[in-house]
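Engineer: First the structure, then my questions, so here it is.
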Amino acid sequence: MELSLLPPDIQDAHRSFPGTLAACADLDALMRLKGAFVGREGSHAARLMELLKAAPKDQKRDLGAAVNALKNEWDQALKSRQAELEQERLRLAALASAWDPDLPPPLPAQGALHPLNRLMNRLVDVFRPLGFHVEEGPEAETEAHNFDGLNIPPDHPARGSADTFYFKGQDGLLLRTHTSPVQVRVLLRIGARGADGRSELERRGGIKFLAPGRVYRKDEIDPTHSPMFHQVEGMIVGKGIGMHHLKGTLAYAMKALFGPGAEVRFRPSYFPFVEPGAEMDVRCPLCEGAGCRVCKGSGWVELLGAGLLHPNILAYAGIDPEIWSGYAFGMGVERTAMMVSETPDLRLFFENDQRFLRTMGGLD
Ligand code: PHE
């Protein structure tokens, strides 16, 4: 196009037009630019039309062609930039709006496993590669399985109706106070001799299992106690089993659960069905050992009781303690869930408030 025919300021404006156009960030800026270039009055185009009118006849043809070409170029460029900015405005409006007709509708909430069940499944998954399978027992138990078979003496305070829920009018039937009666049930089964004179224990050469489930105690409800809670029992019977097997297995499992930095400690403790007995604590992840409500200021939280099987409980099931040995542990699931998810109050797990449950994805 023959620019040299035009006034110098319009030539300059035309040269910088593409840059000015691109710099228009919104429709308002574009409209101002449009007014300046092709508006009815005072615009570059309007001035060119006046020039054209006033031009000598012999220049009108060339000048007219130049002015038209220029106006067309401006119009086209302004139009396509306007379309771009309108698209952009729609896109921003859709983002800002609460309802976007292009998005798929929200699906109704789906059912899901409770976080405590998911944690128990995860525990089972941690131990399964080590050869543990799952065994189950009833929640309504007999005194024989819950106490007698576990070497718990007849006068032990845990047997009292202050600690244990008994069924009215059903002699010796109670809500199990721990998952340890599953030990007794499994020992009785694997110790029993079949027609060939051999026991399941002898045929298998040993057993490893976990027994997850609900247990009941007459405890007052508070941030760390509930009359119904969950345990996961673990047990091994074999030959030459010692405390080192117990410690190694549990330390491995805690690292799998809490991460490689998990710190555990074992303290000597007493349970009638193990000898020696121990309790295992983990370093409180809520306060990292500084002391808080959950660890009661000690920096450690007790997660489980454990020990080597007392000879009496093997003998109760007809298993020779001179040949067989083993270990057992019983782990508090709520305690563990509180540690894994850094939840300071176990009642949250039973209130089933969806807003809480939905935050518990980390327990998988
Ligand atoms: N049953 C015990 C409890 O509930 C825990 C435990 C299990 C201790 C196995 C030793 C061995 O406190």
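Read-outs throughout are calculated quantities, based only on the coordinates presented, and are distinct from any laboratory measurement. All values derive from a computational prediction rather than experimental measurement. Glycine also receives a Cβ, built like all others from the backbone with ideal geometry; neighbour counts cover every protein chain displayed.
Engineer: Can you give me the angle between helix 243-258 and the longest principal axis of the chain, using Cα atoms only, in degrees from 0 to 90, rounded to the nearest 10?
Structural biologist: With both axes taken from Cα atoms, the answer is about 20 degrees.
Engineer: Turning to a different aspect of this structure: Rounded if a/c is under 1.5, else prolate if a/b beats b/c, else oblate: with a ≥ b ≥ c from the C-alpha gyration tensor eigenvalues square-rooted, which is the range 246-364?
Structural biologist: Details: a/c = 2.42, a/b = 1.93, b/c = 1.25.
Prolate is the answer for the range 246-364, as a/c is 1.5 or above and a/b outweighs b/c.
Engineer: To continue, here is another question. Using Cβ counts within 10 Å as a stand-in for footprinting exposure, how do 107, 21, 346 rank, fewest first? Before the final figure, lay out the partial values.
Structural biologist: Working: 107 6, 21 18, 346 22.
With the sparsest Cβ surroundings first, the list reads 107, 21, 346.
Engineer: Here's something else I'd like to know. Label points 7 Å out from Cα along the Cβ direction at residue 27 and residue 13: separation in nm?
Structural biologist: If labels sit at residue 27 and residue 13, their model points lie 2.4 nm apart.
Engineer: At a 10 Å Cβ-Cβ cut-off, how would you order 142, 179, fewest neighbours first? Walk me through the numbers on the way to the answer.
Structural biologist: Numbers: 142 19, 179 27.
Ranking 142, 179 by Cβ neighbours within 10 Å, fewest first, gives 142, 179.
Engineer: On to the next question. Explain nothing, just compute: Karplus ³J(HN,Hα) = 6.51 cos²θ - 1.76 cosθ + 1.60, θ = phi - 60°, for every residue of the range 133-147 in order, whole Hz, x for Gly and Pro.
Structural biologist: So the Karplus estimates, Gly and Pro as x, are 10, 9, 10, 10, x, x, 7, 8, 10, 8, 4, 4, 6, 6, 10 Hz.
Engineer: Still on this structure, please answer the following. As I understand it, the value is the acute angle between the Cα axis of helix 115-127 and the longest principal axis of the Cα atoms of the chain; what does it come to in degrees, rounded to 10?
Structural biologist: So the inclination is approximately 70 degrees.
Engineer: Continuing with the same structure: For the range 71-171, rounded, prolate or oblate, judged on the Cα gyration tensor with a ≥ b ≥ c (square roots of eigenvalues), a/c < 1.5 rounded, else prolate if a/b > b/c? Don't jump to the answer; show the numbers that get you there.
Structural biologist: Numbers: a/c = 6.61, a/b = 4.03, b/c = 1.64.
Prolate, because a/c is 1.5 or more and a/b exceeds b/c.
Engineer: Amide H neighbours of residue 274 under 5 Å, counting only residues 5+ apart in sequence or on other chains, H built in-plane at 1.01 Å?
Structural biologist: 310
Engineer: Looking at the chain, which Cys residues are left with no other cysteine's beta carbon under 4.7 Å from theirs?
Structural biologist: 24
Engineer: What is the helix-to-structure angle for 27-38, meaning the angle in degrees between its Cα long axis and the longest Cα principal axis of the chain, kept from 0 to 90 and rounded to the nearest 10?
Structural biologist: Helix 27-38 and the main axis of the chain meet at about 10 degrees.
Engineer: Output the relative contact order of the range 115-363, whole-number percent, from Cα pairs under 8 angstrom with separation of 6+ residues. All intermediate terms of the calculation are to be shown ahead of the outcome.
Structural biologist: Details: 472 pairs, mean separation 53.2, N = 249.
In percent, rounded to a whole number, it is 21.
Engineer: Whose amide H sits under 5 Å from the amide H of residue 199, counting only residues 5 or more places off or on another chain, with H placed in the peptide plane?
Structural biologist: The answer is 194.
Engineer: For the range 47-55, just list the computed ³J(HN,Hα) in residue order, Karplus coefficients 6.51, -1.76 and 1.60, θ = phi - 60°, integers in Hz, with x standing in for Gly and Pro.
Structural biologist: 5, 4, 4, 5, 4, 4, 4, 7, 5
Engineer: Sort 335, 217, 355, 32 so that the residue with the fewest other Cβ atoms within 10 Å of its own Cβ comes first and the one with the most comes last. Intermediate results must be reported in sequence, preceding the final value.
Structural biologist: Numbers: 335 20, 217 17, 355 6, 32 12.
Ordered by Cβ neighbours within 10 Å, fewest first: 355, 32, 217, 335.
Engineer: Rounded, prolate or oblate: which fits the chain when a ≥ b ≥ c are the square roots of the eigenvalues of the alpha-carbon gyration tensor, with rounded for a/c under 1.5 and prolate only if a/b beats b/c? List each step's numbers first, then the result.
Structural biologist: On the way: a/c = 4.53, a/b = 4.05, b/c = 1.12.
Taking the square roots of the gyration eigenvalues as a ≥ b ≥ c, the chain is prolate.
Engineer: In sequence order, what are the phi-derived ³J(HN,Hα) couplings for the range 315-328 according to the Karplus relation 6.51 cos²θ - 1.76 cosθ + 1.60 with θ = phi - 60°, rounded to whole Hz, with x for glycine and proline?
Structural biologist: 4, 4, 9, x, 9, 6, x, 6, 9, 9, 9, x, 9, 9
Engineer: Next question, about the same structure. Run the reach check for residue 218 against lysines, Cα to Cα strictly under 28 Å, same-chain hits fewer than 8 apart removed. What comes back?
Structural biologist: Within reach: 168, 296.
Engineer: Summing -39500 (n - 2.57) over the DSSP H runs of n ≥ 4 in the chain and dividing by its residue number, what mean residue ellipticity at 222 nm do you reach, to the nearest 500 deg cm²/dmol? Don't skip to the answer; put the middle values down first.
Structural biologist: Working: 13 runs with 151 residues, N = 364.
Rounded to the nearest 500, the figure is -13000 deg cm²/dmol.
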